[in-house]
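The values are calculated or read from the model by the stated rules, or taken from the named source; none is laboratory data. This structure is a prediction, so every number in the text was calculated from the model and none was measured. Note that we place each Cβ from the backbone using ideal geometry, even for glycine, and neighbour counts take in every protein chain shown. Ligands, DNA and RNA are excluded from the accessible area calculation, which covers all protein heavy atoms including side chains. Shrake-Rupley method; radii C 1.70, N 1.55, O 1.52, S 1.80 Å.
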Amino acid sequence: MTEIKTIIVDTASAIKLIPLKSEFHIPCLKNVILLSNDEKTWDNLFEVGFKVFYFEDLIQEGLGLPENNNFEIPSLESIAITCFTSGSTGRPK
């Protein structure tokens, strides 16, 4: 079982998350970033307990930050994990 907290998905994949969240199969997943601005999908995800964002809104928010922000620059010791699926099996690669 994974403990991924945030996922970036298209609308078709996002819709598949709704019953999984409703049935408590993915308790660690908290945030969904939608690649397209689909209001109905946003509402449905929110109703089952996800915090939902539109990808484009996050990009615009980032562009609006001042250049002298206080973000910590990642070092060689920083860890990031990217899980992805090609969609053929649904299993992370």
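Please work out how much length the chain gains when fully extended from PHE55 to CYS83, using 0.36 nm per residue of separation minus the C-alpha to C-alpha distance, in nm with one decimal.
Stretched fully, the PHE55-CYS83 segment lengthens by 8.3 nm.
Is the chain best put as rounded, prolate or oblate by its Cα gyration tensor, with a ≥ b ≥ c the root eigenvalues, rounded for a/c under 1.5, and otherwise prolate when a/b is larger than b/c, oblate when not?
oblate
Nothing charged except the Cβ atoms of Lys and Arg (+1) and of Asp and Glu (-1): what's the magnitude of the dipole of the chain about its Cα centre? Round to the nearest 20 debye.
500
Grab the DSSP H runs of the chain that are 4 residues or longer, score each as -39,500 (n - 2.57), total them, divide by all residues and round the 222 nm result to the nearest 500 deg cm²/dmol.
Value at 222 nm, helices only, nearest 500: -9500 deg cm²/dmol.
Roughly how many nanometres apart are two label points built 7 Å out from the Cα toward the Cβ at ILE15 and PHE46?
For ILE15 paired with PHE46, the spin-label model returns 2.0 nm.
Which length gain, in nm to one decimal place, applies between ILE26 and GLU72 when the Cα-Cα distance is subtracted from 0.36 nm times their residue separation?
13.6 nm
Tell me which GluC sites (Glu not before Pro) from the stretch 9-54 have a DSSP coil assignment and no more than 14 other beta carbons within 10 Å of their own.
Answer in residue order: GLU23.
For the chain, what % of the accessible area comes from carbon and sulfur atoms, probe 1.4 Å?
Ligands and nucleic acids excluded, carbon and sulfur reach 59 percent.
I need to check one value: relative contact order of the chain, counting alpha carbon pairs closer than 8 Å and at least 6 residues apart, in percent.
23
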